[in-house]
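First comes the structure, then the notes that go with it.
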Amino acid sequence: TPSPPTPTSSRGLNRVVWNLRYADLPVRSGGGEDDDEGPRPTTPGPLVLPGTYTVRLTHDGRTVEQKVVVKEDPRVTLTPVQRAAWTAFHRDVAASVTSFAGVATRVRGSSGTDAATRDLKRQAAELQSRLSTLYGAVGGWTGAPTADQRSQLRYYKRMAAEIDAKSVR
């Protein structure tokens, strides 16, 4: 489920915009030469599937609901099954990025200056970078994930588990 936007409760016009994405990933993005917005504290989550969603606004114990229909971009030529598979893989990569972010933070914050600790920190930083790159590649076009992308994700998941196990010793 997408994360809900949080409007203010102050008087006046309050507007909430849903970017049609699942929850953001807890890693920085942007700030490249082609990015007018500059760096962001998080990375936008995967796009939601076309379909009907219920939006809810709750204030002072009252809830108002309304249906919203999300339609596919007409330039996208995938079948609904292909689109669902692409979204599922993109969400799988996003989940790996999100779960490893906590491990990477823990490793970065670990004390120790021995060679093993330095190497673990290097491995964690490298894996976090590679996961983020894979996430961007999958989200950069709509189509079936390649065999290489699937293989990368399997390998990155194994490496994440190994780094996590080493970091709790």
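Binning the alpha carbon pair distances of the chain at 5 angstrom intervals from zero yields the distribution 1, 7, 14, 15, 15, 15, 12, 9, 6, 3, 1, 0, expressed in whole percent.
Relative to the dominant Cα principal axis of the chain, helix 80-108 is inclined by about 50°. To the nearest ten degrees, helix 147-167 and the longest principal axis of the Cα atoms of the chain are 60 degrees apart. For the chain, the mean residue ellipticity at 222 nm estimated from helices alone is -15500 deg cm²/dmol, where every DSSP H run of n ≥ 4 contributes -39500 (n - 2.57) and the total is divided by all residues, rounded to the nearest 500.
Scan the chain and report its longest stretch carrying no GluC sites (Glu not before Pro) that are both in a DSSP loop and have at most 12 other Cβ atoms within 10 Å. With GluC sites (Glu not before Pro) excluded where exposed in loops, the chain gives 38-169 as its longest stretch.
Mind checking the angle between helix 115-139 and the chain's longest principal axis? C-alpha axes, 0 to 90 degrees, to the nearest 10. Compared with the principal axis, the helix lies near 30 degrees.
Rule-based calculations on the coordinates, nothing more; no lab input. A quick note: this is a predicted structure, and the numbers were derived from the prediction, not measured. When we count neighbours, we look across all protein chains shown, and the Cβ atoms used for this are built from the backbone with ideal geometry, even at glycine.
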